[in-house]
Amino acid sequence: VVARLQGEFGTVTVQPNPDDLLVSGQVSPHVLWQQLRKFADLPSIGMRSDVEFQTRVAMTDQQLRLADLTIESPEIRAQSPQLVVDFDSALTSMFRGTIQCQATGASVRTLAAPITDIWWLADSTVVTAHLAGSATEPFQLTAAVKPAALNPRQTATQPFRPVSQPVATATRTAIATPEFKVDEGELRLSLMPATDASWQVREGTLTLPGLQAQLQGLLQPAPAGTVLDLTTTVAYDLETLTLRLLGPQSPIRLTGRGQDTFLVTGSTNSSSAFVPGTTSANELPTGDPLRVSGKIAWQGGSVYGMPLGPGTLQAQYDQGVIRTEPIQVSLGGGQASVMARYDSHADVLELASGSRIEQIQLTREFCQEWLGYVSPMMADATEVQGSVSARLDRFHWNFAIPDSSLASGTLTVHSAEAAPGASLLQMLQLIDTVRRLDNANRSSVVRSLSLPPQNVTVDVHDGAVYHQGLQVELAGYQMESSGSVGLRDQQLQVVLPVPLEKQTAGTGKTNTVPLRGTVRSPQPDLSGVLQSLGTNRLEQQLNDQLDRGLNKLFRSIK
């Protein structure tokens with residue numbers, strides 16, 4: 001006798017055998033969940049596609065025995081020759097047998113969503129897992145993540161790197177945070193029951209590009225997420241890690257290999273705090289807070305074209321907040337001293353008051369990415385040389401809402417010289433014209449841009465970087481720059497007083513030149529200067545004619 005159950009959820013067929021039941025069918029897990037949740041509070045089912053299944057089922061006392069299990073769907077495939085579930089046993093020894101699964105990263109994230117947020121897993125991956133357990137042997141878990149094969153049409157529009165890759169934030173500011181996705185890695189665990197509710201990790205290995213971690217400690221499944229108490233020995237290759245995490249175009253690179261011990265405690269459900277901006281103050285992760293502590297050391301590297309010396313980062317992650325010990329390292333021919341605090345819930349980075357850089361040698365990259373927000377003309381310049389220092393009084397950077405960021409400090413220019421960029425040619429031509437009007441035999445032979453030694457107060461608020469009274473020398477003329485630069489669009493709202501008569505500003509007539517455009521392409525608006533220049537020239541010609549007429553009259557009277 002064959003029994004068949006059919007409904008909106010699908011079809012299930014049961015065929016009796018001498019020792020068991022052959023159960024097969026095709027069902028929609030999502031539709032089945034919608035129907036069953038009317039009678040019981042069940043977690044949401046992430047699977048949307050229909051599932052075909054077949055297995056031989058037998059019940060003996062408190063044991064459920066499954067044999068020759070196969071599950072097939074576009075999202076997941078699973079096979080098990082023998083699987084026993086003993087309902088009388090503790091959770092740590094309830095399952096015996098083996099099962100192998102394969103699924104896409106997107107489906108694994110969806111399936112796990114009711115339990116935990118696997119935010120770090122890339123969608124375009126294939127995840128395979130093998131589980132084996134017995135009453136006398138350690139429980140074995142092996143899981144691997146590999147890049148999914150893309151067809152040529154996908155490859156043309158979505159280039160794919162087979163590494164753990166960063167996903168850049170949509171908004172570009174002077175400081176941006178990449179969120180990385182894992183598309184390659186392997187986890188191996190050998191577990192023994194420690195108590196009825198926890199496992200002891202006898203052997204554990206986590207491997208990612210540029211990183212290998214040896215795990216030991218306790219795992220305890222709980223409704224709020226698996227509780228960890230692990231001691232982890234981590235070996236790392238920073239050159240590989242920074243390439244994978246920050247991407248090949250990142251201006252930050254670290255080099256060196258090392259090994260250190262990290263302590264990991266708390267609930268994995270709190271790991272969602274690692275995702276910038278995913279939780280609010282009213283929606284903090286539940287369970288014991290995840291805590292991680294350890295250090296890494298690098299042998300060298302570069303930051304925006306500036307060489308970085310050896311250094312060490314000692315940090316602690318506690319309840320969603322990363323704190324570092326003071327970091328002192330050589331940078332760009334000078335020194336950097338900072339201490340940071342990053343709140344992953346709010347996606348806010350804070351640097352301690354007094355954090356500073358000293359005697360940093362200028363590079364084009366540094367001028368384009370940083371100094372250009374205070375002196376846009378330096379961002380467009382070439383053949384940059386000189387040095388600057390900076391000291392922070394306050395630094396509160398909100399990556400989620402950059403316009404709410406606040407910072408203040410002092411920029412100290414020791415010396416800065418450069419050849420002006422192409423966008424300042426009009427300004428140089430104007431100065432050349434002014435000089436020719438002042439002296440017909442004199443032309444602009446010095447085409448230089450420099451910042452004399454000075455201290456300048458810099459503030460960040462309302463989505464822009466503000467400065468006041470920055471002294472600039474362009475082709476021998478002294479000016480004082482004031483204004484702001486937008487964080488999001490890098491739009492300039494800067495003014496420069498240009499002298500029309502004398503070589504030094506403040507001793508003759510001047511006219512204000514608005515500096516517009518962007519940091520990478522400053523555009524001086526010379527219309528007002530040209531109008532004033534023409535008016536002054538006309539007045540000079542009229543005065544000359546009047547002087548000649550008066551002189552002629554005086555000579556005739558004599």
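What residue, among those in region 365-391 that are surrounded by 21 or more Cβ atoms within 10 Å (Cβ to Cβ) and part of a strand (DSSP E or B), is nearest to the chain's Cα centre (by Cα)? My answer is Val388.
Of all residues in region 239-258, those that are within 13 Å of Gln299 (Cβ to Cβ) have Cβ atoms under 6 Å from Cβ atoms of residues that are assigned to a helix (DSSP H, G or I) and charged (D, E, K, R), 6 or more apart or on another chain, in Thr255/Glu239.
Within region 474-485, the set of residues being under 37 Å from the mean Cα position of the chain (by Cα) and either β-branched (Val, Ile, Thr) or more than 13 Å from Pro522 (Cβ to Cβ) (or both) comprises Glu480, Ser482, Ser484, Val485. Scoring Arg4 on the criteria (1) surrounded by fewer than 13 Cβ atoms within 10 Å (Cβ to Cβ); (2) modelled with pLDDT under 90; (3) of a type in the set (Lys, Arg) leaves a single failure, condition (2). Leu218: surrounded by 15 or more Cβ atoms within 10 Å (Cβ to Cβ), in contact with an Asp or Glu (Cβ under 6 Å, 6 or more places away or on another chain) and not small (Gly, Ala, Ser), yes or no? The answer is yes for Leu218. Out of curiosity, is Phe9 among the aromatic types (Phe, Trp, Tyr), exposed (fewer than 12 other Cβ atoms within 10 Å of the Cβ) and without any contact (Cβ under 8 Å) to a residue 40 or more places away in the chain? The answer is no for Phe9. Pick from region 448-480 the residues that are outside any strand (DSSP E or B) and out of contact with any helix residue (DSSP H, G or I) (no Cβ under 6 Å at 6 or more places or on another chain): which of them is modelled with the highest pLDDT? The selected residue is Pro453.
Before we move on, is Arg394 of a type in the set (D, E, K, R), free of Cβ contacts under 8 Å to residues at least 24 places away in the same chain and either in contact with a helix residue (DSSP H, G or I) (Cβ under 9 Å, 6 or more places away or on another chain) or assigned to a strand (DSSP E or B) (or both)?
no
Checked against the criterion of being of a type in the set (Val, Ile, Thr) and without any contact (Cβ under 8 Å) to a residue 12 or more places away in the chain, region 118-137 has at least one qualifying residue. In a residue-by-residue description of region 320-343, the property of being free of Cβ contacts under 8 Å to residues at least 60 places away in the same chain, surrounded by fewer than 17 Cβ atoms within 10 Å (Cβ to Cβ), assigned to a loop (DSSP other than H, G, I, E, B) and among the polar types (S, T, N, Q) applies to no position.
The values are calculated or read from the model by the stated rules, or taken from the named source; none is laboratory data. Note that this is a predicted model, so its numbers are computed, not measured. Positions of Cβ are generated from backbone atoms using ideal geometry, with glycine treated the same way; all protein chains shown enter the neighbour counts.
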